[in-house]
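Peer 1: After the structure tokens below, expect a handful of questions from me.
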Amino acid sequence: MLLRTNFTKILSSRSNTAAAAVASNNIVSIKKDHDLFDSEKKLKRAMGDKVQDKLTGPQKKAVAFNYCLLLLCMNKVVYSNLLVVLLIMFCLFAG
């Protein structure tokens, strides 16, 4: 619970978009399959171009992987499959 509170504080500060994206990713991981639509909103924001430019390679992979798992939990299989293809391409070409 303390971790979620700290991540929420980071999200509310909005001073660092990369930190907010990582905090969003961590909150979604903590929630697992609870409040899926809120989690999807957070991860969509973390997958945005402005945020992705500020993340490291491993952070991008973690956000994309968690978004893919979330889409599967929401039965959005087609979108999840597309994201898996993009994730594989990213892993192959980005090292």
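Peer 1: In whole Hz and in residue order, list the ³J(HN,Hα) couplings for segment 53-70 that follow from phi through the Karplus curve 6.51 cos²θ - 1.76 cosθ + 1.60, θ = phi - 60°; x for Gly and Pro.
Peer 2: Computed from phi, the couplings for segment 53-70 are 5, 9, 8, 7, x, x, 5, 4, 5, 5, 5, 5, 5, 5, 5, 4, 4, 4 Hz.
Peer 1: Going by C-beta contacts inside 10 Å, put V77, V28 in order with the fewest on the left.
Peer 2: Ascending number of Cβ neighbours within 10 Å: V77, V28.
Peer 1: Suppose R0 equals 25 Å. What FRET efficiency, 1/(1 + (r/R0)^6) with r the Cβ-Cβ distance, do D49 and F93 give to the nearest 0.05?
Peer 2: Working: r = 18 Å, r/R0 = 0.71.
For D49 and F93, the calculated efficiency is 0.90.
Peer 1: How do M47, M89, M74 line up, fewest other C-beta atoms within 10 Å first? If you can, show how the numbers build up before the last one.
Peer 2: Working: M47 18, M89 10, M74 15.
Arranged by neighbour count, lowest to highest, M47, M89, M74 become M89, M74, M47.
Peer 1: Which ordering of F90, F37 is given by a fewest-first count of other beta-carbon atoms within 10 Å?
Peer 2: Arranged by neighbour count, lowest to highest, F90, F37 become F37, F90.
Peer 1: Using each residue's phi in segment 29-45, evaluate 6.51 cos²θ - 1.76 cosθ + 1.60 at θ = phi - 60° and report the 3J(HN,Hα) Karplus result to the nearest Hz, with x for Gly and Pro.
Peer 2: Taking θ as phi minus 60°, the curve returns 5, 5, 5, 6, 9, 9, 6, 4, 5, 5, 5, 5, 4, 5, 6, 4, 5 Hz for segment 29-45.
Read the figures in this text as sums done on the coordinates, not as results from a lab. Note that this is a predicted model, so its numbers are computed, not measured. When we count neighbours, we look across all protein chains shown, and the Cβ atoms used for this are built from the backbone with ideal geometry, even at glycine.
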